[in-house]
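Here the structure is laid out as structure tokens; the discussion comes afterwards.
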Amino acid sequence: LPTLPDVENLEELRQYLIDNLKYGSSSSRQRYSLYIIRRMFPDGTLDTSLIDFARKFPNSQALNDVVFYRFCKAEPIMVQIISDLLLPMSPTGSLERAHINRYLSERYPSIKGIKEWSIAIVEALNSAKIAPADKNTLYLSVRQPLDESFAYILHREYPTPGVYSIESLLKNPFCKAMFWTEESLLPALYELRNIGIIPRVSEIDTIRQFTTKYSPSEVVNRLSGVQ
């Protein structure tokens, strides 16, 4: 992502990937270009804010977070299995990979290729450094939001400037998929306010709200000096 050129649309991007991905056969380049586009741009449009974010935070955990978030948007099974199986097991610190196979087999008994699903799920978590894994075990722990990736994900989930309920953020399934706890999200909101990314966090009696004022592209520009 950090090395992608400026393009006008996803078809131009796909052609660039077909020409430049480092696979020997044309069929492999075509196949992997579709995988990349479907998972990084799941709504079918070119999101320049993602490319801009990648250029500003290459080789960083913040970019790992954002790429994993986009992967979860494209692959809902990731959100389901994290919510149903992995997060409840996070206090124990680890989970045997066999439990993932069992979960998938029970939930999708008619689906072939469960083993491949399980491998892909673990590879995504491990590659993004969300949950490290070895041959037999997935290591789980809750995480503290990073300012950069939290700001981006917040503004992708709430892309229109406005006033939003804090409760909606605490229950957001994609924030949970990042292994961010409800307890960590409120301090993270205040930190974004402190560095000028969001203008306001309000907790008055039972009304708890936060205010955004930037689009996703604008917030990436604002983040340029944060890291």
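Read-outs: derived from the displayed coordinates by stated rules, not from any lab. These numbers come from a predicted model, not from an experiment. As a convention, Cβ positions derive from the backbone with ideal geometry for all residues, glycine included, and neighbour counts pool all protein chains shown.
Taking Lys and Arg as +1 and Asp and Glu as -1, the other residues whose beta-carbon sits under 10 Å from that of SER33 total +3. A Förster radius of 35 Å combined with the Cβ-Cβ distance from GLU8 to THR211 puts the calculated FRET efficiency at roughly 0.60. Hydrodynamic analysis of the stretch 1-152 uses the Kirkwood radius over alpha carbon pairs. Inserted into Stokes-Einstein at 4 °C and 1.567 mPa s, it gives a translational diffusion coefficient of 77 µm²/s.
Annotation: for a label point projected 7 angstrom from Cα along Cα→Cβ of ARG102, residues of the stretch 130-161 with backbone N closer than 20 Å are 133-141. Note on ASP19 and SER127: the extension gain reaches 36.4 nm, defined as 0.36 nm multiplied by sequence separation minus the Cα-Cα distance. Taking the Cα centre of the chain as origin and assigning +1 to Lys and Arg Cβ atoms and -1 to Asp and Glu Cβ atoms, the resulting dipole is close to 520 debye.
Dividing the C-alpha radius of gyration of the stretch 85-148 by 2.2 N^0.38 Å, with N its residue count, gives 1.18.
Amide H contacts for SER94 (H built 1.01 Å from N in the peptide plane; partners 5 or more residues away or on another chain; cut-off under 5 Å): LEU140. For the stretch 1-60, the list of trypsin sites (Lys or Arg not before Pro) that fall in a loop by DSSP and count at most 14 other C-beta atoms within 10 angstrom reads LYS22. Restricting the stretch 138-227 to trypsin sites (Lys or Arg not before Pro) that sit in a DSSP loop and have at most 15 other Cβ atoms within 10 Å of their own Cβ leaves LYS171, LYS213. Shown is the FRET efficiency for LYS135 and ILE111, computed with R0 = 25 Å from the Cβ-Cβ distance and rounded to the nearest 0.05: 0.55.
Positive-end ranking of SER168, PRO145, ALA133 along the dipole of the stretch 124-169, with charges on Cβ about the Cα centre, is headed by ALA133.
Between ARG143 and TRP180, THR181, the built amide H atoms are under 5 Å apart, and every one of these is 5 or more places off in sequence or on another chain. For q values of 0.15, 0.25 Å⁻¹, compute log₁₀ I(q)/I(0) with the Debye formula on a Cα-only model of the stretch 160-227, without solvent. For the stretch 160-227, the Cα-only Debye profile gives -0.51, -1.28.
Based on the reciprocal of the average 1/r between different C-alpha atoms, the Kirkwood radius for the stretch 89-227 equals 17.0 Å.
For the stretch 1-65, the list of GluC sites (Glu not before Pro) that fall in a loop by DSSP and count at most 14 other C-beta atoms within 10 angstrom reads GLU8. In angstrom, the C-alpha Rg and Dmax of the stretch 1-82 are 13.0, 35. What residues of the stretch 62-92 lie in the reach of a label at GLU191, counting those whose backbone N is under 16 Å from a point 7 Å from the Cα along Cα→Cβ? From the stretch 62-92, the list is 62-66. In this calculation the C-beta distance from GLU183 to THR92 is compared with R0 = 30 Å, giving a FRET efficiency of 0.95.
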